[in-house]
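Some notes on the structure that comes next.
The values are calculated or read from the model by the stated rules, or taken from the named source; none is laboratory data. Since this is a predicted model, take the numbers as computed values, not measurements. Glycine gets a Cβ as well: all are built from the backbone with ideal geometry, and neighbour counts include every protein chain shown.
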Amino acid sequence: MNSIRYILVFVLFAFTAQSQSDSMLVKRSSAKTLKRLGKSAMDQNDPSSAITFYEAYLNLNNRDAKAKYQLAQAYLQIRDYDRAQRMFLNAYETDVEKAPTSLYYHAQMQKSNGLYDSAKINFQKFKKEYKGEEKNLKKQATKEIVFCDSVQKIVNTEKKVVISHLDSTINKVNTEGAPINVDDNTLVFTSLRTDKKEYVVEDDTAQTIKRKLYIAKRENNEWKFEGEYGGNLNEAEFNTGNACFSPDRKRLYFTRCKLNFKEEMICAIYVSEKKGDEWSEPVKLPKNVNNPKYTATMPAITNDPAKGNDVIYFVSNNKEGRGGLDIWYTVYDKKNNVYKTPKNAGNKINTAQNEITPFFDNETRTLYYSSDGMGGLGGYDIFKATGDGKKWMSTENIGQPINTGADDIFYTISTNREEGFFVSNRKGGNTLKNSTCCDDIYSYKHTEYIKINLLGNVNEMIDPNMSIAQATVEIYIIDKKTKEKFLVKMIESDKNGDFKTSVEANQDYFLIVKKNDFLGNTADVTTKGINTSQDISKTILLAKKPKEPIHIPYIQYEFDKSNILESSKIAIDTTVLSLMEANPELIVEIQSHTDSKGSDKYNEKLSQQRAESVVAHLVSRGIKAERLKAKGYGESKPIAPNENADGSDNPEGRSQNRRTDFKIIGVLDVEVINAAEVD
């Protein structure tokens, strides 16, 4: 090989440092040969050599718009935004017909350089002028115009954080990535560790430097490089990186990457188990995850709070995705020791462009990731969405100062939650060939982090002084728009019936508390309006499961009809609905009763229709029909006399008999309940 190849950033960027052989070729080559060499270098994903050849060629022939466009693309691949911006414009002005998409990319570079108003004008101009075949680019230009308008909103979401560039013992002139905390004072990261700009001479004996996993320690509030991490995790023939830990820190997932026969970088995900102080020999995940035709990289791990299984999010260019690189997930079924077929994270997360570097915050069930298809300040911006699997709340750009016009990726939250790390090629980092070429690790710290603890206790309803130990507390986040609930965590009350957990500021929570032989109960908790760190308290009372029917108060129907009054729907929602949400295993019978006015047959029919109306309302509110049974008893089960002893009418007794009750008549199988959960 005449060129020196290395991968700049994980899978996405690759370029070659200029070699002496490139310089020699430039000196002895004709213009035609230089152009051919430039094209060949681009075809081989070698933009650095392509720049050398195209720059030399254009010194001899400055009217070749197509060559200028290719040179601009090479600048873009090494993320030299300034030169790319100028060269795309140069290609456009030289001959737009030979470089029809150059104006689009010129506008993209203006975005990366913070020139949003100019970028909007040029996106509009491109959309009007472009007549080429890349229809998706025209659609994306339409989105980019909207994105440019929304920049001010993103700018206004600036967080109060302090950002620090990690020192030169960690950040070198090439590239660092994938920072992740082992604990508050231990950091694992990926790096191509060298201070040389041209660091590989390919001959018969030299070996290309590989990416490896490394460790840094914090001492006296400063992070310092320690050495390689994991012993057997780094492998000489692979680029190794992108480590992530299971919430209990007992499993580590990471990637190994290698060029295939097509000179494509293909990554695969591995897992290692903690054995004492060491990591076990890594095991490659099966082919349904690591499809050899595609790359599988950048794993992020969480666990299913209901079943405890590992859920691994990762990035792949699988052709079944929505764009170039998408975020997927697989569930490790620990009971059967299998990784389930991966699923795409869906269109709330993935776009027609690229989504990369996922990180899952287990505390809030929030996925952080970077995208170049959702708009923002330029390049890759960091976004977040709360949810699981394919079910997500709306996506949000996390704003400045974390996001900039450069590529901002690998966002993580530290174990203490007040700080974290991210990776960026923003100006001010260590550089190789230009001011925005290379990725460095940055730390951030919230200057006004609000720490809120929820202190709860679970007691018996009939005697609030009697505590209930080992009650299960399910904590859900509520979507502000759809009101849908997302399970965040499950904890248990201690021997005194107490529980403690951290909650996030400015959030609505919904609690479901359960215990065998008790009816589950629910509670709402909000942290909105809390502006200082504090503890909040909540008491939940549980009642023993009754064997007799329970009266639902305030249920009224239209006169002589089965239609439920609107005011009565509120009574149903705050009693039966709440109970059934808190007890998803219960099967109940809705019982409707009448007084003795009218014939037995008529009353039985009317009561049946009224019971069915209550069931229909509960189904409309999300309760499964198989958990409900409607039964009309007419006047057959009075609880008070309809007439007085002297034969006169008893209005009060009749009022008590006109009632709606519910009775627990069974429970669903656990398998039926679990079938409704997201894999």
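G323 fulfils the conditions (1) assigned to a strand (DSSP E or B); (2) under 20 Å from G373 (Cβ atoms) except for a single criterion, (1).
Taking G420 as the residue in question, decide whether it is in contact (Cβ under 8 Å) with a residue 24 or more places away in the chain, surrounded by 19 or more Cβ atoms within 10 Å (Cβ to Cβ) and in a strand (DSSP E or B). Spelling it out, G420 is indeed in contact (Cβ under 8 Å) with a residue 24 or more places away in the chain, surrounded by 19 or more Cβ atoms within 10 Å (Cβ to Cβ) and in a strand (DSSP E or B). Just to be sure, is N397 of a type in the set (S, T, N, Q), buried (at least 18 other Cβ atoms within 10 Å of the Cβ), outside the structural domain of Q507 (by TED's automatic domain parsing) and at negative phi? Yes. In region 439-457 there is no residue that is in contact (Cβ under 8 Å) with a residue 60 or more places away in the chain and within 17 Å of the chain's Cα centre (by Cα). Cβ separations smaller than 6 Å between residues 6+ apart or across chains give the following pairs from region 156-185 residues that are closer than 16 Å to G420 by Cβ to residues that are surrounded by fewer than 15 Cβ atoms within 10 Å (Cβ to Cβ) and of a type in the set (D, E): K160/E448. Filtering region 313-330 to residues that are more than 16 Å from A385 (Cβ to Cβ) and surrounded by fewer than 21 Cβ atoms within 10 Å (Cβ to Cβ) leaves N317, N318, K319, E320, G321, G323, G324.
Selection of region 258-284 for residues being outside any strand (DSSP E or B) and hydroxyl-bearing (S, T, Y) yields only S280. Consider region 547-568 and keep the residues that are in a loop (DSSP other than H, G, I, E, B) and aromatic (F, W, Y). The one that is farthest from F662 (Cα to Cα) is F559. Residue check: is A616 surrounded by fewer than 19 Cβ atoms within 10 Å (Cβ to Cβ), part of a helix (DSSP H, G or I) and either modelled with pLDDT of 90 or more or of a type in the set (A, V, I, L, M, F, W, C) (or both)? Against the criterion (surrounded by fewer than 19 Cβ atoms within 10 Å (Cβ to Cβ), part of a helix (DSSP H, G or I) and either modelled with pLDDT of 90 or more or of a type in the set (A, V, I, L, M, F, W, C) (or both)), A616 qualifies.
For V473, the criteria (1) exposed (fewer than 15 other Cβ atoms within 10 Å of the Cβ); (2) at pLDDT 90 or above; (3) of a type in the set (A, V, I, L, M, F, W, C) hold in every case but one, which is (1). Within region 284-293, if we keep just the residues that are surrounded by fewer than 19 Cβ atoms within 10 Å (Cβ to Cβ) and of a type outside the set (S, T, N, Q), the residue that is nearest to Q353 (Cα to Cα) turns out to be K293. The set of residues in region 212-222 that are at pLDDT 95 or above and either in the same structural domain as W279 (by TED's automatic domain parsing) or crowded, with 19+ Cβ neighbours inside 10 Å (or both) comprises L213, Y214, A216.
Does T255 meet the test of being in a strand (DSSP E or B), β-branched (V, I, T), in contact with a Gly (Cβ under 7 Å, 6 or more places away or on another chain) and at pLDDT 90 or above? Considered against the rule, which asks whether it is in a strand (DSSP E or B), β-branched (V, I, T), in contact with a Gly (Cβ under 7 Å, 6 or more places away or on another chain) and at pLDDT 90 or above, T255 comes out as yes.
Taken over region 4-33, the residue count meeting the criterion of being buried (at least 23 other Cβ atoms within 10 Å of the Cβ) and modelled with pLDDT of 80 or more is 0. Which of the residues belonging to region 483-500 are part of a strand (DSSP E or B) and either buried (at least 17 other Cβ atoms within 10 Å of the Cβ) or in contact (Cβ under 8 Å) with a residue 60 or more places away in the chain (or both)? The answer is K485, F486, L487, V488, K489, M490, F499.
Based on what the data block shows, is K480 part of a loop (DSSP other than H, G, I, E, B), exposed (fewer than 15 other Cβ atoms within 10 Å of the Cβ) and modelled with pLDDT under 90? Taking the combined requirement at face value, the residue satisfies it.
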